[in-house]
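Worksheet: one structure, shown below.
The values are calculated or read from the model by the stated rules, or taken from the named source; none is laboratory data. Fair warning: this is a prediction, and the values are worked out from it, not measured in the lab. Cβ atoms come from the backbone with ideal geometry, glycine included; neighbour counts cover every protein chain shown.
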């Protein structure tokens, strides 16, 4: 075969979009793999390891070995992922938490792919490709922060997978309106309390809005049923945790939401929620822009075209932003961690908005014709490679290199002790000396 025949002179735009999808996926994957070291695990993630160790060795859900059970985890359900992995990787806490968040991240991506496809049902395949490229481009532009959460060891990816699954469950219930779908949706909505309590904003708001805006009596009755099952499930968990963990709510709630940290930290953090929100919006400009443009073009038509579930997700997202903006002290809120939880709803609303924009404007005919045209393959290849290298390459490298290598340029690996000595000795007083003390030593402090 002649070498010149390997690349046709002209190819369809659809093939270009598929090629771009592959390249963007590679960028996101590389960003994650480059950070697969102990340095990516946030220190609060080891709280889950400590609880898991106490369960495996002593059978108690406690922070301190041999002490009473405590409700110190915002997401006790995340232990369902951590425990089996910790049982296998008992000698490596860093690798345990890396794998725990990565497994949840993979589940989240799988569910998100299903959500994007179902959200864009009814439009042509070329347009589906265009929407997929925009979603992938959004994640590629935010690859640095997304990779942080993918490997942080925290419960962020776990919560994202839960909310994505819940949205898919609501879409299924909207189509079927059966008693079984009502009970399952309500039960899963109530379990948000154990998965991530602030997600109750979604699991209560969505069925409540469906109850208000659905035109059919059957849909309204089922929405009322979902709210009832959700409320009963939450009440059961509150009573359960009150009895066995001595608190109806997670201990971090008292510190972060009702001022137990005191006025000093409140003053130090009073602008952080707004800054983190702005960073989050700028991290996903295409998603927020799609929703904003759709609302600007014709809000009434958009509102009328959206399902009751979509309306609920929009209002729940607004409430979620308001809660974290005004009522939460974002301790350990790095890389917009608290706002990241609304990402599945944001993607769903953005996809629905893109479909609305295309169908309600002349873009529909223009794009349908343009996507069937053929373009110069070498030009497209050159532009794509240049964009990926110069636009997306530097941010990925800037985020990944410090986490991938030590100060001497060596691969960090998964030794959490050496990683902390290398990166944090200058920050934490005498960390290198304390880290040499025996692991079973008990220190008393005031």
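Got a sec? Which of 185, 230 is free of Cβ contacts under 8 Å to residues at least 60 places away in the same chain, in a helix (DSSP H, G or I) and over 26 Å from residue 350 (Cα atoms)? After ruling out the rest, the residue left standing is 230.
Looking only at segment 296-320, count every residue that is closer than 28 Å to residue 222 by Cβ, part of a helix (DSSP H, G or I) and touching a residue at least 12 places away in the same chain (Cβ under 8 Å) and tell me the total.
15
Annotation note: Cβ proximity below 8 Å between a residue of segment 344-373 that is on the phi > 0 side of the Ramachandran plot and surrounded by 22 or more Cβ atoms within 10 Å (Cβ to Cβ) and a residue that is modelled with pLDDT of 95 or more and not in a loop (DSSP other than H, G, I, E, B) (sequence gap 6+ or interchain) occurs for no pair.
For residue 129, the conditions (1) over 23 Å from residue 152 (Cα atoms); (2) crowded, with 18+ Cβ neighbours inside 10 Å; (3) modelled with pLDDT of 90 or more are fulfilled apart from (3). Annotation: of all residues in segment 12-27 being at pLDDT below 75 and part of a helix (DSSP H, G or I), the one that is surrounded by the fewest Cβ atoms within 10 Å (Cβ to Cβ) is 15.
Identify, from the list 30, 38, 87, 45, the residue that is crowded, with 17+ Cβ neighbours inside 10 Å and within 30 Å of residue 191 (Cβ to Cβ).
On inspection, the qualifying residue turns out to be 45.
Touching a residue at least 40 places away in the same chain (Cβ under 8 Å) and surrounded by fewer than 17 Cβ atoms within 10 Å (Cβ to Cβ) - does that describe any residue in segment 104-114? Within segment 104-114 (the criterion being touching a residue at least 40 places away in the same chain (Cβ under 8 Å) and surrounded by fewer than 17 Cβ atoms within 10 Å (Cβ to Cβ)), the answer is yes, since at least one residue qualifies.
The listed residues are 71, 46, and the only one of them that is assigned to a loop (DSSP other than H, G, I, E, B) and modelled with pLDDT of 90 or more turns out to be 71.
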